[in-house]
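Chemist: There's a structure below that I have some questions on.
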Amino acid sequence: MLQNLAKHGRGENGLFEISTHYSPFLEVAPIDYRKKPAKSLKEVIIKILAVNDIKYDAGEVARAIEKYKDMEKILDEFHYEYDSEKVKFSELEAKVPTLDLRKIIDNLMHPDKKSSIKDKVENRLVAFEHSLFFDKDMNLNKIIQSTSAQDLANFLIMYYIDTSGGALSMDEHFTMNRKCENEVIKFLPRASLRVFVRNYFDKENLKIVSEMVEETKQNFIEMIQESTWLHEETKKNAILKVEKMRKMIGYPEEFEKAGALDKTFETLNVFPTDSHYTIMNKIKRFVTEQTMEYVALETPLDPKEDVMEVNAFYVNDENYLNILVPFLDDPLFDSTYPTYAKLAGTGATLGHETGHGFDPWGITRDENGEKRDWWTPEDSEEYDRRVECMVEQYNEYDDPDFGKNLNGSYTKLEMVADGFGAETAWRAFKKLDLSREPEIIGFDEYSMEKLFFRIFALDYCTSRDTSTLEEVLERFHPTDSFRVNGVFSNMKAFAKTFNCPVGSPMNPEKKCELF
Ligand SMILES: [Zn+2]
């Protein structure tokens, strides 16, 4: 049955998931986020049985659904564990002898492409010591062995129906107000990207931001070189990491060639006569096949990546900077903005993302994204002390919405990245020939230094945060207020620009500086 589900393009089958995690390696892993079983599940199953003329016992269906929910609860205890150790794929296979994982993986590939990509995919299978497979007391193999074949089959088919939500139009949340274009953006992001780039996007922006990334990297290297406390050996490794950082601005250059993107859709054939359900199933199957080609390095972009999202991010395991097209468009960016405005907005974000390579998690990876300790013990200790300074600063921060109730240990990765982002953007700003920069009408009395800080702050200008403290404490990013005032209060350049007296809130004597 798992083999058949795989043939339908289901890498996620209810028991586990075969997928990629931000890089072209195929993992067999626990399902990280399970949606709760749909309330309408019973109703939908009965409808399916009725439509197919199958006689059923209502009590039997109700009992099967209860068993399904029980099993869901057990499996929901297992999550994707981000800190688990890498193991050989064969070790994972040995933990679930009841399943033929390689055959399931085979079935996820397009039948015509299988012979050419099978070996490449096999070379890129990875496994981690997740408790779903490796726990001694409760693990997948035990769950499978202690469940009857009938219950297992019921579970898999119900999971299939339950997670077909949108396609079967049974989940209110899915169908209400859902517009066709949103569906295309969500499930075929690359096709939407193509339409958007061709019709509405100024490609000049890609070139400018690509150059800005190179400048950011240069300023980052300068910052490392000028550090008064990093030792030469650590500096050398850190610089190598910045130099080797790869980037994708908007979309892979390969897609720029005429017809290149169209070619990736060759195997998706949908017709106007297809039902919504059929189209959605074809798309699911197509995305899975594309994922396998991505793993085989036959296509440069993860088909699941939401390229229409307003986002920029850094992939630690790959030392890879990724800036998506909506992020390179107005109001965040435009080729006509003054350079200092580009630096204060997008420039700071580029520095922030580069900075993630050197946040407390980033520093555990080397220039290839491999886990390796490349710090001298002394530097490592000093780095921790400096991060702790930020943690304490946030713990003590009197936030206008939440008071002194925040927890810096949770937000330290983002605070470190913010610090680097502001520092590198300011370094780029200082190199500008300001006499060539236009002023902003209505703000003529402001110096360009002041405008830089104001435009930087503008990105975080929001209405008052009405979230509960509990919600805020679960976020990885510090509050918007801290992302401006907290960050600026650590910058001597800010205090100088605005003449803040020493010891005032925006110019404290104790500043938290990183490199
Ligand atoms: Zn970040």
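Chemist: Does Ser380 qualify as being part of a helix (DSSP H, G or I) and in contact with a helix residue (DSSP H, G or I) (Cβ under 7 Å, 6 or more places away or on another chain)? Explain how you work it out, then say what you get.
Modeler: Numbers: part of a helix (DSSP H, G or I): yes; in contact with a helix residue (DSSP H, G or I) (Cβ under 7 Å, 6 or more places away or on another chain): no.
No, not satisfied.
Chemist: What's the total number of residues in the range 434-477 that are acidic (Asp, Glu) and in contact with a Ser or Thr (Cβ under 9 Å, 6 or more places away or on another chain)? Steps first, please.
Modeler: Start the filter on the range 434-477 by keeping residues that are acidic (Asp, Glu), which leaves 437, 439, 444-445, 449, 459, 465, 470-471, 474.
Add one more test, that the residue is in contact with a Ser or Thr (Cβ under 9 Å, 6 or more places away or on another chain), and what stays is 437, 449, 459, 465.
Total meeting the criteria: 4.
Chemist: Quick check on my filter: what residues within the range 70-94 are surrounded by 15 or more Cβ atoms within 10 Å (Cβ to Cβ) and either among the acidic types (Asp, Glu) or out of contact with any strand residue (DSSP E or B) (no Cβ under 9 Å at 6 or more places or on another chain) (or both)?
Modeler: Met71, Glu72, Leu75, Phe78, His79, Glu81, Glu93 - these are the residues of the range 70-94 that are surrounded by 15 or more Cβ atoms within 10 Å (Cβ to Cβ) and either among the acidic types (Asp, Glu) or out of contact with any strand residue (DSSP E or B) (no Cβ under 9 Å at 6 or more places or on another chain) (or both).
Chemist: State the number of residues belonging to the range 410-426 that are modelled with pLDDT of 95 or more and open to solvent by 40 Å² or more (accessible area, probe 1.4 Å). Write out each step before concluding.
Modeler: Keep residues of the range 410-426 that are modelled with pLDDT of 95 or more, which gives 411-426.
Of the ones still in play, those that are also open to solvent by 40 Å² or more (accessible area, probe 1.4 Å) are 412-413, 423.
Residues flagged as modelled with pLDDT of 95 or more and open to solvent by 40 Å² or more (accessible area, probe 1.4 Å) within the range 410-426 amount to 3.
Chemist: Is the range 293-314 home to any residue that is within 14 Å of the ligand (Cβ to nearest atom), open to solvent by less than 40 Å² (accessible area, probe 1.4 Å), not in a strand (DSSP E or B) and not acidic (Asp, Glu)?
Modeler: The answer is no, given that none of the residues of the range 293-314 is within 14 Å of the ligand (Cβ to nearest atom), open to solvent by less than 40 Å² (accessible area, probe 1.4 Å), not in a strand (DSSP E or B) and not acidic (Asp, Glu).
Chemist: Let me ask you something else. Mind telling me which of the residues Lys284, Lys247 ends up being open to solvent by 60 Å² or more (accessible area, probe 1.4 Å) and either on the phi > 0 side of the Ramachandran plot or outside the structural domain of His356 (by TED's automatic domain parsing) (or both)? So that I can check it myself, show each step before the final result.
Modeler: Details: Lys247 fails: either on the phi > 0 side of the Ramachandran plot or outside the structural domain of His356 (by TED's automatic domain parsing) (or both).
From the options Lys284, Lys247, the qualifying one is Lys284.
Chemist: Restricting to the range 334-358, and then to whatever is hydroxyl-bearing (Ser, Thr, Tyr) and within 15 Å of the ligand (Cβ to nearest atom), can you tell me which residue is farthest from Thr424 (Cα to Cα)? Steps first, answer last, please.
Modeler: Going residue by residue through the range 334-358, those that are hydroxyl-bearing (Ser, Thr, Tyr) are 335-337, 339-340, 346, 349, 354.
Those left that are additionally within 15 Å of the ligand (Cβ to nearest atom): 346, 349, 354.
Numbers: Thr346: 12, Thr349: 10, Thr354: 10 Å.
Within the range 334-358, the match that is farthest from Thr424 (Cα to Cα) is Thr346.
Chemist: Within the range 322-330, is even one residue part of a helix (DSSP H, G or I), in contact (Cβ under 8 Å) with a residue 60 or more places away in the chain and either buried (at least 20 other Cβ atoms within 10 Å of the Cβ) or assigned by TED's automatic domain parsing to the domain that holds Ser23 (or both)?
Modeler: yes
Chemist: Tell me which residues, restricted to the range 475-515, are open to solvent by less than 80 Å² (accessible area, probe 1.4 Å) and of a type in the set (Phe, Trp, Tyr).
Modeler: Phe482, Phe488, Phe494, Phe498, Phe515
Chemist: May I pose another question? Any chance the range 371-388 includes a residue that's of a type in the set (A, V, I, L, M, F, W, C), closer than 19 Å to Phe482 by Cα and more than 16 Å from the ligand (Cβ to nearest atom)? Before the answer, list the steps.
Modeler: Restricting attention to the range 371-388, the residues satisfying the condition of being of a type in the set (A, V, I, L, M, F, W, C) are 374-375, 387.
Next cut, closer than 19 Å to Phe482 by Cα only: 387.
From what is left, the residues that are more than 16 Å from the ligand (Cβ to nearest atom) are none.
Looking for residues that are of a type in the set (A, V, I, L, M, F, W, C), closer than 19 Å to Phe482 by Cα and more than 16 Å from the ligand (Cβ to nearest atom), one finds none in the range 371-388, hence no.
Chemist: State which residue pairs qualify: first residue open to solvent by 70 Å² or more (accessible area, probe 1.4 Å) and inside the range 462-474, second residue not in a helix (DSSP H, G or I) in any location, beta carbons under 9 Å apart, and separation of 6 or more residues or different chains.
Modeler: Arg464/Pro400; Arg464/Asp401; Thr466/Asp401
Chemist: Restricting the search to the range 358-413, which residues are of a type in the set (Phe, Trp, Tyr) and touching a Gly at 6+ places or on another chain (Cβ under 8 Å)?
Modeler: Initial filter on the range 358-413 (of a type in the set (Phe, Trp, Tyr)): 358, 361, 374-375, 383, 394, 397, 402, 410.
Listed by number, the residues that qualify are Tyr394, Tyr397.
Chemist: From the list Val121, Val126, exactly one residue is in contact with a helix residue (DSSP H, G or I) (Cβ under 6 Å, 6 or more places away or on another chain) and touching a residue at least 60 places away in the same chain (Cβ under 8 Å). Which is it?
Modeler: Values: Val126 fails: in contact with a helix residue (DSSP H, G or I) (Cβ under 6 Å, 6 or more places away or on another chain).
Among Val121, Val126, only Val121 is in contact with a helix residue (DSSP H, G or I) (Cβ under 6 Å, 6 or more places away or on another chain) and touching a residue at least 60 places away in the same chain (Cβ under 8 Å).
Chemist: Now, a different point. Cβ contacts < 7 Å: first residue within 19 Å of Asp112 (Cα to Cα), restricted to the range 257-283; second residue of a type in the set (Ser, Thr, Tyr), any location; separation 6+ or different chain. Result?
Modeler: As it stands, the answer is Thr264/Thr299, since those pairs meet every condition given.
Chemist: Let me ask you something else. Trp361 passes all but one of (1) open to solvent by 10 Å² or more (accessible area, probe 1.4 Å); (2) out of contact with any strand residue (DSSP E or B) (no Cβ under 8 Å at 6 or more places or on another chain); (3) more than 15 Å from the ligand (Cβ to nearest atom); which number fails?
Modeler: The one condition Trp361 does not meet is (3).
Chemist: Can you confirm whether the range 358-371 contains a residue that is in a loop (DSSP other than H, G, I, E, B) and among the aliphatic types (A, V, I, L, M)? Spell out how you get there, then give the answer.
Modeler: Start the filter on the range 358-371 by keeping residues that are in a loop (DSSP other than H, G, I, E, B), which leaves 359-361, 366-370.
Remaining after also requiring among the aliphatic types (A, V, I, L, M): none.
No, the range 358-371 has no match at all.
Chemist: Now, a different point. Taking helices (runs of 4 or more DSSP H) that do not extend beyond the range 393-490, which have at least 3 residues that are more than 22 Å from Asn507 (Cβ to Cβ), away from the ligand (no atom under 16 Å from the Cβ) and of a type outside the set (Lys, Arg)?
Modeler: Values: elements: 408-430, 448-458, 469-473.
Counting at least 3 such residues, we get 469-473.
The values are calculated or read from the model by the stated rules, or taken from the named source; none is laboratory data. Just so we're clear, the structure is a prediction, and the values are computed from it rather than from any experiment. Here the Cβ is made from the backbone with ideal geometry for all residues, glycine too, and neighbour counts use every protein chain on show. These accessible areas exclude ligands, DNA and RNA; they are computed on the full protein's heavy atoms, side chains included. Shrake-Rupley method; radii C 1.70, N 1.55, O 1.52, S 1.80 Å.
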